[in-house]
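S.K.: This structure is in structure tokens; I'll ask about it shortly.
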Amino acid sequence: MQVITPKFNWQSPLVPLNLSKVLFVVLHHPAAFTATPEQIHQWHQANGWNGIGYNEYIRKDGTVVICRGDHIGAQCENMNSKSYGICCEGNYDIETKMPEAQFNSLVERLKYHKTRFKNLREIGPHKRFGNTACPGKYFPLQQVLAALEKDNEFENALKTWQSKGDMASPDYWAKNAVKGGLCKGEFVRQLIINAAKQ
Ligand SMILES: [Zn+2]
């Protein structure tokens, strides 16, 4: 997953976002099949706004573009100082399938943000917070939330093992028991021995 931070020229300086106040992650689409973040920046400035309002933008090829980043966005009315807005390129009112690369980047970014926003309450579509159809009826919200839930399943299992006293090194497993990861034989061996005692 590529994360880029282009330089945008803002009409006025951005205001830092207090991460501990972020309660919501708001999901958007630009309602355009293709749109570069630079184009959106121009569109938003043409409206008389400061510039691209999203905190970050995910292209269809999975590239993550930091826009306002950890500064207060202009993406969800009355919610900007307590939310973080992620916009996914496309028009998900018409496009029925989100490209896999984009979907995967979105899930990865949400996992990452969940660790940063300690008081996060909800990841929701823009329409949940305002009078809009954004991010479109085909936006794969349930699939995204299911992918995150699957992650919780693993974390919860680790906690269970740890509470039973059967796992001496949950941090090791959290780090290494991942897709494409490699686990050391002695750790796997101990785990098998512990599992047999259950
Ligand atoms: Zn929106």
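S.K.: Report, to one decimal in Å, the Kirkwood hydrodynamic radius for the stretch 132-198 based on all distinct Cα pairs.
M.R.: About 14.2 Å for the stretch 132-198.
S.K.: Continuing with this model, one more query. Roughly how many debye, to the nearest 20, is the charge dipole of the stretch 14-112 about its Cα centre, given +1 on each Lys and Arg Cβ, -1 on each Asp and Glu Cβ, and no other charges?
M.R.: Roughly 260 debye for the stretch 14-112.
S.K.: Any idea how far the Cα center of the stretch 11-49 sits from the one of the stretch 128-153, in Å?
M.R.: Distance between centres, Cα-based: 19 Å.
S.K.: Identify all lysines with a Cα-Cα distance to K137 below 27 Å; exclude those on the same chain that are fewer than 8 residues away in sequence.
M.R.: Excluding near neighbours in sequence, the set is K60, K82, K97, K111, K114, K127, K150.
S.K.: Any idea what the dipole of the stretch 95-183 comes to, in debye rounded to 20, about its Cα centre with Lys/Arg Cβ at +1 and Asp/Glu Cβ at -1? Please report the intermediate quantities before stating the final value.
M.R.: Values: 15 positive and 10 negative charges, 64 e Å.
The calculation lands at about 300 debye.
S.K.: For the chain, which longest stretch is free of loop sites, where a loop site is one of the trypsin sites (Lys or Arg not before Pro) that DSSP puts outside H, G, I, E and B and that has at most 13 other Cβ atoms within 10 Å?
M.R.: 8-96
S.K.: Tell me the angle of helix 100-116 to the major Cα principal axis of the chain, expressed in degrees between 0 and 90 and rounded to the nearest ten.
M.R.: Once rounded, one gets 80 degrees.
S.K.: Give the calculated FRET efficiency between E153 and V15 to the nearest 0.05, with a Förster radius of 41 Å applied to their Cβ-Cβ distance. Provide the component values of the computation, followed by the final result.
M.R.: Working: r = 38 Å, r/R0 = 0.92.
It comes out at approximately 0.65.
S.K.: Let me ask something else. If I fit a long axis through the Cα atoms of helix 37-46 and take the longest principal axis of the Cα atoms of the chain, what angle between them do I get, 0 to 90°, rounded to 10?
M.R.: 40
S.K.: Another question about this same structure. Any chance you could give the angle, 0 to 90 degrees and rounded to 10, that helix 141-163 forms with the longest Cα principal axis of the chain?
M.R.: Helix 141-163 sits at roughly 30 degrees to that axis.
S.K.: Let me ask another. For the stretch 1-79, which GluC sites (Glu not before Pro) pass both filters: DSSP loop (anything but H, G, I, E, B) and at most 15 other C-beta atoms within 10 Å?
M.R.: E77
S.K.: Pull out a ≥ b ≥ c, the square roots of the eigenvalues of the alpha-carbon gyration tensor of the stretch 3-140, then state rounded if a/c is under 1.5, prolate if not and a/b is larger than b/c, and oblate in the remaining case.
M.R.: rounded
S.K.: Let me ask something else about it. For the chain, what does -39500 (n - 2.57) per DSSP helix run (n ≥ 4), summed and divided by total residues, give at 222 nm, in deg cm²/dmol to the nearest 500?
M.R.: That calculation yields -11500 deg cm²/dmol at 222 nm.
S.K.: Next question. Quick one: compute the contact order of the stretch 46-198, relative version, from alpha carbon pairs under 8 angstrom and 6+ residues apart, as a percent. Kindly include the intermediate steps, with their values, before the conclusion.
M.R.: Numbers: 152 pairs, mean separation 25.7, N = 153.
That works out to 17 percent.
S.K.: Calculate one ³J(HN,Hα) per residue across the stretch 48-55 by plugging θ = phi - 60° into the Karplus curve 6.51 cos²θ - 1.76 cosθ + 1.60, and present them in order as whole Hz with x for glycine and proline.
M.R.: Each residue's phi maps through the Karplus curve to give x, 8, 5, x, 3, x, 7, 6 Hz.
Any read-out appearing in this document is the output of simple, stated calculations on the displayed coordinates, not a laboratory observation. These numbers come from a predicted model, not from an experiment. No Cβ is skipped: glycine too gets one built from the backbone with ideal geometry, and neighbour counts run over all protein chains shown.
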